[in-house]
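Structure record follows, encoded as structure tokens.
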């Protein structure tokens, strides 16, 4: 079972920009396609004062920096050229967890604009709701439900995706770790709330101890299937255990996570994120080596220029 989807993280939050232009992105999409990636997910089309295109809708709500180029159009065109589908990530104002109604109002305007501008593009295949749930906080769950409802009002036949994180031993600073039993109880309630609105859930796999991962993946898959929701795994290709943010992961740990996901039976593997942490074009030498190990493991034959 190989990775067949990746996030695109150009409006970066906590990893550096690689300062790519159209040629560099085209080369990376080409590599993605050749190793079997068929789905790309724009992790966010905007973050605070930055966006992937000059958005009139966002400009109504706050001052925005100039985009410089239309990356939304570029990514859709490259996805189409490489036989991929793209799920469009919405806008993250940076304070959605405490200012949910404002985040919803901004995103309704923004999603309307995105739909008018890109909704008929052949590669436009659905929505990624960038708000990362973890615990059963009703106001946060309600925000995701409302954003999903708006997405469905625009494109009733296209899927909605979320990628939650687990409040585990490696959860972000300030997040209290909870037991697996508590995680299951809370996510059972969340799935009851989001079913019918969210079509795909892809839990991030990096916030729990490696040895506990099989149990969490199995629980998440069971809960998702009970709710009639497709279950992917977001197999992180960066390392959360190092004292710096964030290097490419050790190949042995990635191979372990791939094996666990395959044995669990999830429907698809995606990653955060190919271009920084696994691409032969990455600024990180360790990513290029990770790409080599991955290709060796799955019998893939990269082009000479890839490595």
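The values are calculated or read from the model by the stated rules, or taken from the named source; none is laboratory data. It should be emphasised that the depicted structure is a prediction, and the values quoted were computed from it without experimental measurement. Here the Cβ is made from the backbone with ideal geometry for all residues, glycine too, and neighbour counts use every protein chain on show.
Look at residue 222 and say whether it is surrounded by fewer than 19 Cβ atoms within 10 Å (Cβ to Cβ) and over 16 Å from residue 164 (Cα atoms). When the stated conditions are applied, residue 222 does not pass them.
Against the conditions (1) at pLDDT 95 or above; (2) farther than 21 Å from residue 272 by Cβ; (3) surrounded by fewer than 16 Cβ atoms within 10 Å (Cβ to Cβ), residue 186 satisfies every one except (3). Exposed (fewer than 14 other Cβ atoms within 10 Å of the Cβ), closer than 24 Å to residue 236 by Cα, out of contact with any strand residue (DSSP E or B) (no Cβ under 7 Å at 6 or more places or on another chain) and modelled with pLDDT of 95 or more, is that true of residue 83? Answer is yes for this residue. If you filter segment 243-265 down to residues that are touching a residue at least 60 places away in the same chain (Cβ under 8 Å) and within 22 Å of residue 38 (Cα to Cα), you find that the one that is farthest from the chain's Cα centre (by Cα) is 262.
For residue 53, the test of being in a strand (DSSP E or B) and either touching a strand residue (DSSP E or B) at 6+ places or on another chain (Cβ under 9 Å) or farther than 30 Å from residue 295 by Cα (or both) is failed.
Being buried (at least 21 other Cβ atoms within 10 Å of the Cβ), in contact with a strand residue (DSSP E or B) (Cβ under 8 Å, 6 or more places away or on another chain), assigned to a helix (DSSP H, G or I) and touching a residue at least 60 places away in the same chain (Cβ under 8 Å) is true of residue 32.
For every residue, the table says whether it meets (1) surrounded by 15 or more Cβ atoms within 10 Å (Cβ to Cβ); (2) within 22 Å of residue 154 (Cα to Cα); (3) within 19 Å of the chain's Cα centre (by Cα).
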{"site": "4", "(1), (2), (3)": "yes, no, yes"}
{"site": "22", "(1), (2), (3)": "no, no, no"}
{"site": "25", "(1), (2), (3)": "yes, no, yes"}
{"site": "43", "(1), (2), (3)": "yes, yes, yes"}
{"site": "52", "(1), (2), (3)": "yes, yes, yes"}
{"site": "59", "(1), (2), (3)": "no, yes, no"}
{"site": "64", "(1), (2), (3)": "yes, no, no"}
{"site": "88", "(1), (2), (3)": "yes, yes, yes"}
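Selection over segment 6-19 of residues that are in contact (Cβ under 8 Å) with a residue 40 or more places away in the chain and over 25 Å from residue 159 (Cβ atoms) gives a count of 4.
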